[in-house]
Amino acid sequence: MQSGRFTPLHGAAAAAAALVLFGAAGCTRAPTAPDQQTSAPTSASASATATASATATAPAFAAVLKKYSKDIRAGGATAVVIQVKSRLGEWSSAEGVRNLETNEPVQLTDQTHVGDITMTMVAVSVMKLVEEGKIQLHDPVQKHVPDFESIIKPPGPITIRSLLSHRSGIPRYWESLLRAGDPADGKRSHEERLAAAADPWTGGSGSLFSYSGTNYSALALLVEKLRGQDIGAVIGTDTVEPLGLQGTHMTGNEPGPQNLIHGYTKTESGELVDNALAPFHSGSPDTGMISTVPELNTFFAALQKGTLLTPQSVAEMHHPKYQQYGLGVVRRYDSCSNNDYFGHLGVVQGYAALALISADGSRQIAMAVAGAPKPDLIGFEDPESLKMSEVAVSALSQAC
């Protein structure tokens, strides 16, 4: 078990991070993220400074995160993993156990279900198609996926932009499954998720924001048709491989990793249910990815920096006309810079995950929780998990 590790930046690394921070002031489009590696001291004086820094107490924001971890662990959460990176250094914590059967201590680099954060990775793949000129954001998805029309019978042309930003008005497939008495515990194809959402659909493109994972089932069909590969393989090519991520991939039929955090729920009768690699999320473009807390930070830093997409594409994903949700990313106000944090929250049965990064790239946080086991059919709107966002913003705001 790792608890409250703080690695301060010193010497050249701290100076470089400060230059990035102040040099990016006022810049909102894909600035360079700070180097988080600690440089070796270059003199006896620097060595002494480094030694003093290494013994420094944890930064103020750590108290917020320690309290959060302590409180939800006291409430029954089985694992809490957090990593913060800032211009001052890195703080991380891993509390709890990986698995209730073995009681192995959880580690910072353990894999976990990241739920809705999957959507940001799908959005990257969609924006790559835009950059290549294969699609345009104002294109109706029907132009590229003719079957969309017959599967779900939309009220009119549904633009790719409205799907990415949850402004298509498309119903939520999981709510439809529950209303139909479907236990929602088996694997579903993209087409099956769309068909399940074929309730009366009003509005169409340009609707008010209405969060629905079904949007991303449509986008997965689009990506797969144009790439000729399943969505997990495309994310692998577009994101995982370029960044050298080792613990990030789409769930499927492969054996589960040995270092996967297990998230639990309970049946109404009190029976414990292990949701690790649950079939319902297998291959899902809105909830199917697993990753690690450090790799979530790596992904969002690369996205913000412009490593995965052009600055123009990143700016489009962030565009203020989308208010609190852009194209595959959540916006949260950053009081430190009078700008925004960008990232996503993901909640599925037994799990919650979050990643946020400041617009200037100087501060970021990733968190993963295996929640207290309780009756939970789907888990997408767990109020306790939604508190992660408030805690994360509070911590980042104290890391100014």
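The values are calculated or read from the model by the stated rules, or taken from the named source; none is laboratory data. Just so we're clear, the structure is a prediction, and the values are computed from it rather than from any experiment. Positions of Cβ are generated from backbone atoms using ideal geometry, with glycine treated the same way; all protein chains shown enter the neighbour counts. Remember, those area values only see protein heavy atoms, side chains included, never the ligands or the DNA or RNA. Shrake-Rupley method; radii C 1.70, N 1.55, O 1.52, S 1.80 Å.
Filter region 333-358 down to the residues that are buried (at least 24 other Cβ atoms within 10 Å of the Cβ) and in a loop (DSSP other than H, G, I, E, B) and list them by number. Listed by number, the residues that qualify are Gln349, Gly350.
Of all residues in region 317-332, how many are touching a Gly at 6+ places or on another chain (Cβ under 8 Å), assigned to a loop (DSSP other than H, G, I, E, B) and open to solvent by 10 Å² or more (accessible area, probe 1.4 Å)? Walk me through how you get there before you give the answer.
From region 317-332, those touching a Gly at 6+ places or on another chain (Cβ under 8 Å) are 317-319, 329-330, 332; that's our starting set.
Now drop any that are not assigned to a loop (DSSP other than H, G, I, E, B), which leaves 319, 329.
Now drop any that are not open to solvent by 10 Å² or more (accessible area, probe 1.4 Å), which leaves 319.
Total satisfying the criteria: 1.
Please tell me if Pro294 is touching a residue at least 12 places away in the same chain (Cβ under 8 Å) and open to solvent by 10 Å² or more (accessible area, probe 1.4 Å). Steps first, please.
Working: touching a residue at least 12 places away in the same chain (Cβ under 8 Å): yes; open to solvent by 10 Å² or more (accessible area, probe 1.4 Å): yes.
Yes: the conditions hold for Pro294.
Candidates Arg188, Arg167: the one that is at pLDDT below 95, surrounded by 14 or more Cβ atoms within 10 Å (Cβ to Cβ), closer than 24 Å to Asn275 by Cα and charged (D, E, K, R) is Arg188. Of the residues that make up region 228-236, is at least one at pLDDT below 95, farther than 28 Å from Ile365 by Cβ and among the aliphatic types (A, V, I, L, M)? No, that holds for no residue.
Within region 324-335, residues that are farther than 16 Å from Met388 by Cα have Cβ atoms under 7 Å from residues that are part of a loop (DSSP other than H, G, I, E, B) and open to solvent by 30 Å² or more (accessible area, probe 1.4 Å) in these pairs: Tyr325/Phe209; Gly326/His319, counting only partners at least 6 apart in sequence or on another chain.
For region 210-253, a tally of residues being among the β-branched types (Val, Ile, Thr), open to solvent by 40 Å² or more (accessible area, probe 1.4 Å) and either touching an Asp or Glu at 6+ places or on another chain (Cβ under 7 Å) or within 19 Å of Val141 (Cβ to Cβ) (or both) returns 0. Counting the residues of region 366-388 that are open to solvent by less than 40 Å² (accessible area, probe 1.4 Å) and either modelled with pLDDT of 90 or more or part of a strand (DSSP E or B) (or both) gives 8.
Just one of (1) open to solvent by 50 Å² or more (accessible area, probe 1.4 Å); (2) more than 30 Å from Glu132 (Cα to Cα) fails for Leu177. It is (1).
If the condition is being in a loop (DSSP other than H, G, I, E, B) and modelled with pLDDT of 95 or more, then region 87-98 contributes only Arg98.
Assess whether Leu108 counts as being open to solvent by 60 Å² or more (accessible area, probe 1.4 Å), at pLDDT 50 or above and among the hydrophobic types (A, V, I, L, M, F, W, C). Give the derivation first.
Working: open to solvent by 60 Å² or more (accessible area, probe 1.4 Å): no; at pLDDT 50 or above: yes; among the hydrophobic types (A, V, I, L, M, F, W, C): yes.
Criteria not met by Leu108.
Being β-branched (Val, Ile, Thr), modelled with pLDDT of 90 or more and in contact with a strand residue (DSSP E or B) (Cβ under 9 Å, 6 or more places away or on another chain) is a description that applies to Ile158. Flag: Leu272 matches the condition of being of a type in the set (A, V, I, L, M) and loosely packed, with under 15 Cβ neighbours inside 10 Å.
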